[in-house]
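Worksheet for the structure shown next.
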Amino acid sequence: MPRLIHSIVGLPDWLRGMQAAVSAQLACVLVTLVKVQGSVPRELGARLLVSEGACVGTIGGGHLEWKAIQHAKTLLLQHQAISSLETFTLGPQLDQCCGGVATIHYESFPLANITWLETIIECWQQGLSTHLKSYPQVWPNTGRARALVEATKSPATIELSELPTGEFCLSECLSPPPFKVVLFGAGHVAQAIVQILLPLDCQLTWVDNRADLFPELGTEQAASLDCIVTNPAAFAATQTPAHSFCLIMTHEHSLDLEICAHLLARSDLVYVGLIGSATKAARFRKRLAEQGLSQAQVAGLVCPIGINGIEAKQPAAIAIGVAAQLLQLREQGRAASGEQRYES
């Protein structure tokens, strides 16, 4: 089984799996959902990497994924750089009642020689997007693969173009996830929130000055999380990334207030949420106004946090409500920006 490499926070499973396969010189097959119609289990661009003894990522599970894995394993045995397309109707034939149509692209790398991988990893670390395009080809195709190209526009995540000649071309943009979450505090609720957010497509930064409170995480979990031992208020003032969703739940109300003041003074954050009751919210808003924050800045504080209708106060229950609220806001942001979404 290839060893996953975990040094880059937020790197998708399939890219880490590909990085590991290259490191171990193992052949691999990249399985990508490149076209969808109607209801399908995953979104356009979902990926699964199949290599000897390991499958990393998912295109939605069920019989569709099982069939895709079986075909990918046959490609591993052919020792050729083969690209191919396969279309599935998700009906009785696959024992799936979604009713949609999914087109899957298989891309085989027999010698784990992936010329564009290093550039993508480097750009990802810098927060930059990279663009890939395949040569026009008739499937199956051998040996031509894909190349890095300069973007002339901001393309969709992935696009399959069918040419009049009967050829096909695959274009895509690979970008670090815009869903950045910064969590201040490492108490019980924070611990529960981290466990829920870890499997999601987000860059998660966890800040506390008490190193002993950070749990021992598995290597796959650690790949999605950056634990920072420092003064949370100092981090809030100078290091919180722009366009972040921020959650404040430290062990001291005075520290919470200081963090709130730093974050609300900025205009480039998506969300500033504070754990607490309506009473705590009223007191904090009054104190923040006394410190000189404007009415609009104070109004930006979300407290209490979490979706409505969940009254349970167990840490896990609170965490579920908070995670749901963040996901709702993320989807609303995507809709507002016009990002194309697909029914699942």
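The values are calculated or read from the model by the stated rules, or taken from the named source; none is laboratory data. Here the structure is a predicted model, which is why all the values come from computation and not from measurement. Note that each Cβ is placed from the backbone with ideal geometry, even for glycine, and that neighbours are counted across all protein chains shown. Remember, those area values only see protein heavy atoms, side chains included, never the ligands or the DNA or RNA. Shrake-Rupley method; radii C 1.70, N 1.55, O 1.52, S 1.80 Å.
Tabulated results
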{"item": "Efficiency of FRET between His79 and His243 - r from beta-carbon atoms, R0 45 angstrom, step 0.05", "result": "0.50"}
{"item": "Nearest-ten-degree value, helix 13-24 long axis tilted from longest Cα axis of the chain", "result": "60"}
{"item": "Low-density loop positions, GluC sites (Glu not before Pro), segment 232-318 - DSSP coil, at most 12 other Cβ in 10 Å", "result": "Glu252, Glu311"}
{"item": "Angle in degrees between helix 253-264 and the longest Cα principal axis of the chain, rounded to the nearest 10", "result": "60"}
{"item": "Placed amide H near Lys180: partners under 5 Å, 5+ positions off or other chain", "result": "Gln203, Phe245"}
{"item": "For segment 233-344, with +1 on Lys and Arg beta carbons and -1 on Asp and Glu, the positive-most of Ile248, Ala281, Ile307 along the dipole", "result": "Ala281"}
{"item": "Cβ-based charge dipole, the chain, positive-most Cα from His131, Leu197, Gln295", "result": "Gln295"}
{"item": "Residue-span extension gain [Glu162 to Arg287] - 0.36 nm each, minus C-alpha spacing", "result": "39.0 nm"}
{"item": "Alpha-carbon Debye profile of segment 259-304, log10 I(q)/I(0) at 0.15, 0.17, 0.25, 0.26 Å⁻¹", "result": "-0.30, -0.39, -0.87, -0.94"}
{"item": "Mean separation of Cα contacts under 8 Å (6+ apart) over length of the chain, as relative contact order %", "result": "14"}
{"item": "Listed values (i) 17.0; (ii) 19.5; (iii) 18.5, entry calculated as mean projected area of the Cα convex hull in nm²", "result": "(ii)"}
{"item": "FRET efficiency for Asp212 and Ser277, using Cβ-Cβ distance with R0 set to 25 Å, rounded to 0.05", "result": "0.35"}
{"item": "Within the chain: Cβ-based charge dipole about Cα centre, in debye rounded to nearest 20 (Lys, Arg +1; Asp, Glu -1)", "result": "480"}
{"item": "Among Ile310, Ile158, Ile82: highest mean-square fluctuation, GNM of the chain, C-alpha pairs under 10 Å", "result": "Ile310"}
{"item": "Whole-number D in µm² s⁻¹ for segment 231-270, Kirkwood Cα-pair radius fed into Stokes-Einstein, 4 °C, 1.567 mPa s", "result": "128"}
{"item": "Cα principal axis extents for segment 29-99, largest first, Å", "result": "35, 22, 20"}
{"item": "Full-stretch length increase - Asp268, Glu122 - with 0.36 nm per residue and alpha-carbon distance subtracted", "result": "50.0 nm"}
{"item": "Accessible-area ranking of Cys55, Cys123, largest first, probe 1.4 Å", "result": "Cys55, Cys123"}
{"item": "Extreme residue, positive dipole direction of the chain, given options Leu257, Ala211, Leu26 (C-beta unit charges)", "result": "Leu257"}
{"item": "Extended-chain gain in nm, criterion 0.36 nm per residue less alpha-carbon gap, Ala299 and Asp226", "result": "23.3 nm"}
{"item": "Rounded to the nearest 10 Å², the accessible area of Glu107 at probe 1.4 Å", "result": "10"}
